[in-house]
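Scroll down for the structure; my scribbles are underneath it.
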Amino acid sequence: EAIELRANGIESSILAWLLQTDSPAQWIELVERNVDVSVSSLKGLECARVAAAESGTSAKIHLKLDTGMGRGGSGMAEWSRLLDEVSGVVSENSIEVVGMWTHLAFADQPAHPVVEHQLELFAEGVAQAQRQGITPLLRHVANSAATFRTPSAHFDLVRPGISIYGLSPGAAVGTAEELGLQPVMQLSGAVTQVKPVAAGQGISYGHDYVTPHDTTIALVPLGY
């Protein structure tokens, strides 16, 4: 997707953070196309280093720290070793650490204690990097919910996702109307059947909906 954006004239900074490839050719293309790449493991760092060497261009990376989401990112236990390796390749001028980032697990519950705990761990991880001479240009944490409700997570930039589509990230954050959001997409499909049903008729699995009066229903196939 990052390559497609570049091919269509998008020159802004792009971060590719869900890479599904170990292909040297694809990594080289990302580096040559000036696409920032997220790195959270020694394997990813090596891919970036090799791509930089092959292309003759420094690879721009964002180091991801897992502070509690339990998904992508380097765990705190592996962070020190990753930073050690990064220090080495940075000194070779083959890697440029553009950013450091993490992702919040409870951003849609702003008062949840895990939010503050993750921010503390992130600050610790950044400080550890700085002690090793690695100072990122950009620190970023906030998703849509934190963009609206957790100013302490804003750092140098924010990463709104679902709110870009005009949807609220959660009830505790506020409705789309309260947040000033306007939906920019719709789900549609063709009607394949229309039929009358009587009052009291349960509809579909578990009869979660029961018709309150005689009505007409329509069947719209939209996938699973």
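The values are calculated or read from the model by the stated rules, or taken from the named source; none is laboratory data. All values reported here derive from a predicted model rather than from experimental measurement. Because the Cβ atoms are built from the backbone with ideal geometry, glycine has one as well, and the counts that use them run over all protein chains shown. Note: accessible area is taken over every heavy atom of the protein model, side chains too, but ligands, DNA and RNA are not part of it. Shrake-Rupley method; radii C 1.70, N 1.55, O 1.52, S 1.80 Å.
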Could you run through segment 6-45 and say how many residues are open to solvent by 70 Å² or more (accessible area, probe 1.4 Å), within 21 Å of residue 74 (Cα to Cα) and in contact with a Cys (Cβ under 9 Å, 6 or more places away or on another chain)?
1
Determine whether segment 122-141 contains at least one residue that is hydrophobic (A, V, I, L, M, F, W, C), under 24 Å from residue 180 (Cα atoms) and either open to solvent by less than 50 Å² (accessible area, probe 1.4 Å) or touching a Cys at 6+ places or on another chain (Cβ under 7 Å) (or both).
yes
Suppose the filter is closer than 30 Å to residue 216 by Cα, among the β-branched types (Val, Ile, Thr) and at pLDDT 95 or above; does residue 158 pass it?
no
Check on residue 165, open to solvent by 90 Å² or more (accessible area, probe 1.4 Å), under 22 Å from the mean Cα position of the chain (by Cα) and not β-branched (Val, Ile, Thr):
yes
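Test of understanding: among 39, 35, which residue is under 20 Å from residue 135 (Cβ atoms) and touching a residue at least 12 places away in the same chain (Cβ under 8 Å)?
Among 39, 35, only 39 is under 20 Å from residue 135 (Cβ atoms) and touching a residue at least 12 places away in the same chain (Cβ under 8 Å).
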